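Q: Here it is, the structure, as structure tokens.
The values are calculated or read from the model by the stated rules, or taken from the named source; none is laboratory data. The shown structure was predicted, so the numbers you read here are calculated from the model rather than taken from an experiment. No Cβ is skipped: glycine too gets one built from the backbone with ideal geometry, and neighbour counts run over all protein chains shown.
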Amino acid sequence: MEQMTVKEIVEATGGVLLCGDERIPLIHISIDSQNIQGGELFVPLVGEKVDAHKYISQALAAGAAAVLTSEHDRMEDERPWIRVKDTKKALQAIGSYYRNRLTLPLVGITGSVGKTTTREMVAIALSAGRKVYKTPGNKNSQVGVPITLSEITSEDEIGVLELGMSMPGEMTVIARIARVDTALITNVGVAHIEQLGNQENIYREKLKIQDGLKEGGVLLLNGDDPLLKDTRAKEGCATLYYGTGENCDYRAENIHLYKGCPQFTAVYKNKRIPVQLKVMGTHNVGNAMAALAVADLYGIPMEKAAERLQNFTGFQGRQQIYERNEVTIIDDTYNASPVSMLAALKVLESMEVATRRIAVLADMKELGAEGERDHREIGEWLEEHPIDMVLTLGELSRVIEGGEQCLHFAAGDLDSLYETLIRLLQPGDCVLLKGSNSMKLGDVAKKLIEADQKHQSF
């Protein structure tokens, strides 16, 4: 945060300074009393289970320079206390206030699947010509976006923001705070369908990223997505498409896999750029094309952007590849949806050198009433493709069948699953682990990756 004083916080929030010096400068915004480094504005959020106002004293003791409160009308302290009606809305107001001071362009990214990977690829591509600030971690929510904006400095030349939502109305809130210059939508899937009802509602909510899209801005869409390929930007903004189809302005051609990793030609007008990636799966072709498109929009040669993309190796828990005792382990346990699970299985299928291909699949959550159907469709795909063994974890995954052998484990029975894998895995095998994060399949992946090299069976 640059040059933000208590007085400006009061102005931004419409709050009342109960005590303390309005001239005090603030360095950061924090909502976590256990992560105070000194000089922060502490914002105590009121949740369904926890009211963080009870941690104000802890935050101040740790070095917070000022606090917001919605539960105090009077206070005597040398440190500033600012009374506001609602601390979350006040935080959002601060983010919007700070956004007004920023002059650099912002790229906003949303979608049902692939937001984080696309964000990272876009940032890497832009780094070929600009100093980039990107959303750290998972700060993509109504709370995270204002904090992310506040961390942008005058040294940054472009910002890449991940914008997430799970409930109706959330995208409008964060879009109006961020007010991006380029809005990118990766796809429209079924994540959060429990909260949003159906895919059409998800589509409409994702498009609300345009509620904050600046006049003359660009709506960049995945032209391969059935719901996005015919979508047009709001009046006053341009529409561009990326993907593999002829309808796409930025198009990938000649796609093939080498050891599971895509190689292709990126095409835009008369440009043809060879691209090689170090992340697995053809679904990453689209993510890379999005990144190249954004780079081109901001004047960075696609050749240089493509060179930078070759350095991207993904994230922990997102199709990370490990070799242990001559067994290939694909850890894709960060989360799961029907789209991402199918993409992961296609990666496993592409591992032609494997002696056996083994899929360990856990429940996909937040699919609503269609959850069983979505799991059954994964099973139908498995019946038609050469996966040698399938192990499933959880009640929903019970309907998944496929491969020559299929074993099922109850939700939470991670120890039994791990011990079974240790007994089963042989040199030359390739094993994929995929499921929603709440299923804790990542714990099994971690144990496999860290398995004793001298284990007699693995």
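Q: Quick one: in the range 106-146, which of the residues that are of a type in the set (A, V, I, L, M) and closer than 15 Å to residue 178 by Cα is surrounded by the most Cβ atoms within 10 Å (Cβ to Cβ)?
A: Filtering first and then ranking leaves 109.
Q: Go through the range 141-158 and give me each residue that's of a type in the set (A, V, I, L, M), under 25 Å from residue 437 (Cα atoms) and assigned to a helix (DSSP H, G or I).
A: 145, 147
Q: Pairs, please: C-beta under 6 Å, at least 6 apart or cross-chain, first residue of a type in the set (D, E, K, R) and in the range 1-23, second in a loop (DSSP other than H, G, I, E, B)?
A: Every condition considered, the pairs that remain are 2/153; 7/22.
Q: Can I ask one more? Whether any residue in the range 332-346 is more than 25 Å from residue 120 (Cβ to Cβ), surrounded by fewer than 18 Cβ atoms within 10 Å (Cβ to Cβ) and either among the aliphatic types (A, V, I, L, M) or within 25 Å of the chain's Cα centre (by Cα) (or both) is what I want to check.
A: no
Q: All but one of (1) in contact with a strand residue (DSSP E or B) (Cβ under 9 Å, 6 or more places away or on another chain); (2) within 29 Å of residue 285 (Cβ to Cβ) hold for residue 166, so report the exception by its number.
A: (1)
Q: If only one of 220, 228 is in contact (Cβ under 8 Å) with a residue 40 or more places away in the chain, in a strand (DSSP E or B), on the phi < 0 side of the Ramachandran plot and under 24 Å from the mean Cα position of the chain (by Cα), which one is it? Steps first, answer last, please.
A: Numbers: 228 fails: in a strand (DSSP E or B).
Step by step, each of 220, 228 is checked, and only 220 is in contact (Cβ under 8 Å) with a residue 40 or more places away in the chain, in a strand (DSSP E or B), on the phi < 0 side of the Ramachandran plot and under 24 Å from the mean Cα position of the chain (by Cα).
Q: If we only count strands (runs of 3 or more DSSP E) wholly inside the range 36-140, which ones have 1 or more residues that are touching a residue at least 60 places away in the same chain (Cβ under 8 Å) and more than 30 Å from residue 280 (Cα to Cα)? Before you say what the answer is, go through the steps one by one.
A: Numbers: elements: 40-42, 66-69, 81-83, 106-110, 132-134.
Counting at least 1 such residues, we get 66-69, 81-83.
Q: Determine, yes or no, whether residue 149 is in contact with a Phe, Trp or Tyr (Cβ under 8 Å, 6 or more places away or on another chain), buried (at least 24 other Cβ atoms within 10 Å of the Cβ) and at pLDDT 95 or above.
A: Judged against the criteria, residue 149 is a match.
Q: What pairs come out if I take residues in the range 163-192 that are assigned by TED's automatic domain parsing to the domain that holds residue 141 and under 21 Å from residue 150 (Cβ atoms) and pair them with residues that are assigned to a loop (DSSP other than H, G, I, E, B) and at pLDDT below 90 whose C-beta lies under 8 Å away, six or more apart or interchain?
A: Every condition considered, the pairs that remain are 164/138; 165/192; 171/165; 174/165.
Q: Right, next: Tell me whether the range 353-376 contains one or more residues that are of a type outside the set (S, T, N, Q), closer than 15 Å to residue 431 by Cα, modelled with pLDDT under 85 and surrounded by 19 or more Cβ atoms within 10 Å (Cβ to Cβ).
A: no
Q: May I ask you to say which residue of 78, 71 is in contact with a helix residue (DSSP H, G or I) (Cβ under 8 Å, 6 or more places away or on another chain), surrounded by fewer than 22 Cβ atoms within 10 Å (Cβ to Cβ) and not assigned by TED's automatic domain parsing to the domain that holds residue 207?
A: Of 78, 71, the one residue that is in contact with a helix residue (DSSP H, G or I) (Cβ under 8 Å, 6 or more places away or on another chain), surrounded by fewer than 22 Cβ atoms within 10 Å (Cβ to Cβ) and not assigned by TED's automatic domain parsing to the domain that holds residue 207 is 71.
Q: Out of all the residues in the range 187-195, is one or more crowded, with 18+ Cβ neighbours inside 10 Å and modelled with pLDDT of 95 or more?
A: No, the range 187-195 has no match at all.
Q: Turning to a different aspect of this structure: Working carefully through the options 184, 161, find the one that is at pLDDT 95 or above, closer than 28 Å to residue 437 by Cα, touching a Gly at 6+ places or on another chain (Cβ under 6 Å) and not in a loop (DSSP other than H, G, I, E, B).
A: Working: 184 fails: touching a Gly at 6+ places or on another chain (Cβ under 6 Å).
When all the criteria are applied, what remains is 161.
Q: Please work out which one of (1) within 29 Å of the chain's Cα centre (by Cα); (2) surrounded by 16 or more Cβ atoms within 10 Å (Cβ to Cβ); (3) not β-branched (Val, Ile, Thr) is the condition residue 89 fails and give its number.
A: (2)
Q: Right, something else. Name, by its number, the condition in (1) in contact with a Leu (Cβ under 9 Å, 6 or more places away or on another chain); (2) within 23 Å of residue 107 (Cα to Cα); (3) buried (at least 19 other Cβ atoms within 10 Å of the Cβ) that does not hold for residue 310.
A: (3)
Q: Return yes or no: is residue 58 at pLDDT 95 or above, over 18 Å from residue 95 (Cβ atoms) and not aliphatic (A, V, I, L, M)?
A: In short, yes.
Q: All but one of (1) more than 25 Å from residue 422 (Cβ to Cβ); (2) over 26 Å from the mean Cα position of the chain (by Cα); (3) modelled with pLDDT of 90 or more hold for residue 385; which doesn't?
A: Failed condition: (3).
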